[in-house]
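One structure below.
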Amino acid sequence: MFQTRQTGSHEHCGEMFKYSSNLSTRCFLSIVFLLVVHLSTTGGFSLRDRVHNTSPILSISGTKKVQAGDNVRLHCRVKFTDVILQTKPTVQWVYTEFNGMEEEVLSNLEVLPDAAETVYDGEGELSTVDRTADNNVFDAFLNLNRVEKEQRGIYECLVILDDAVFAKEAILTVKSRKVEESRQKFIMERTGGNITLDCLDMKNKKEGNISGVTVWRKNGETIVVNGTNLKLIRVDKEDSGEYHCLVSGKFAKNFTLQVKHAPVIKTQTFSVKQHPGYPASLTCTVSSMPVPLIRWYHL
């Protein structure tokens, strides 16, 4: 099929072993070159389409430093040629811990040639791929809402093609949020009154600009979830104690509530018997507000 010639000779490559090794090498290289040209021109493959000298990832979010509870949006911009779009490339977001111990694929989006302006991940709006004004350029987003400290790590944007994988990474650091705290003390002069504890009764804090869940605790135990106001109706001595409210992990307030009431005296035993010369112990419990002066009398 293919022939090479040497000056003064009409021998075919099939008979090239009659000649020097230089002729054999030249003949072999000629055959390979012609084969490549033939396949390229007949649609067998295109070297330009298959060899990727540059990454399709144009840019990615740099290092982000946020506080716990913040919303984070990571951005990765990619560009595909028309030929690559026909192969339906995939864009992935992959999370890796800083220590490299755990890796997780967060989203997997296939980009189609006729994709709509926005392609959503199967789990909703965790991640999207938006087509820009340049039909070959796409913006891939990863949305992380109310991040926690455990979500700090490396987030990779991966572009997966038929014959290659490209990646660029963004670093996310999450710091614990400082909680603004304040304290307030209330003393009720008598039982039977009403009182409202307002968690946002502090400087520049109003119900309208605060969102999230409010948790109320009394003496360390949760009593109410949600609602920045705690209303206590017809309070008595049982309502006295330490109250704590926390709004969305951002704002906290402590209340001390004391309800004045007459002393309530309880004794464990009314009679104690003991032999002469041995010690004896008498115990009584007194509940009162304010704290009373306690004395023992021998009648």
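Values in this text are rule-based calculations from the coordinates and carry no lab data. Here the structure is a predicted model, which is why all the values come from computation and not from measurement. Cβ atoms come from the backbone with ideal geometry, glycine included; neighbour counts cover every protein chain shown.
Structure data summary
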{"item": "Along principal axes, Cα extents of the range 246-299, largest first, whole Å", "result": "63, 23, 15"}
{"item": "Sparsely packed trypsin sites (Lys or Arg not before Pro) within the range 213-297, loop by DSSP, other Cβ within 10 Å at most 11", "result": "R234, K273, R295"}
{"item": "Sparsely packed chymotrypsin sites (Phe, Trp or Tyr not before Pro) within the range 220-299, loop by DSSP, other Cβ within 10 Å at most 13", "result": "F270, W296, Y297"}
{"item": "Burial order of peptide ranges 221-227, 126-132 (average beta-carbon count within 10 Å, highest first)", "result": "126-132, 221-227"}
{"item": "Amide H partners (placed H, <5 Å) of D236, local residues excluded", "result": "G192"}
{"item": "Relative pair counts by distance (%), Cα atoms of the range 64-111, 5 Å bins", "result": "5, 14, 18, 20, 18, 11, 8, 5, 1"}
{"item": "Reciprocal mean inverse distance between Cα atoms of the range 140-287 - Kirkwood radius, Å", "result": "20.7"}
{"item": "For the range 243-295: relative contact order, % (alpha-carbon pairs under 8 angstrom, 6 or more apart)", "result": "34"}
{"item": "Karplus 3J(HN,Hα) series, Hz, for the range 225-239 with 6.51 cos²θ - 1.76 cosθ + 1.60 (x for Gly, Pro)", "result": "10, 5, x, 7, 10, 10, 9, 10, 9, 6, 5, 9, 4, 6, 7"}
{"item": "Whole-Å distance, taken between Cα centres, linking the range 61-108 and the range 232-279", "result": "55"}
{"item": "Over 24 Å (Cα to Cα) - which of K65/K218; K218/K253; K79/K175; K178/K231; K218/K250 fall in this group", "result": "K65/K218; K79/K175; K178/K231"}
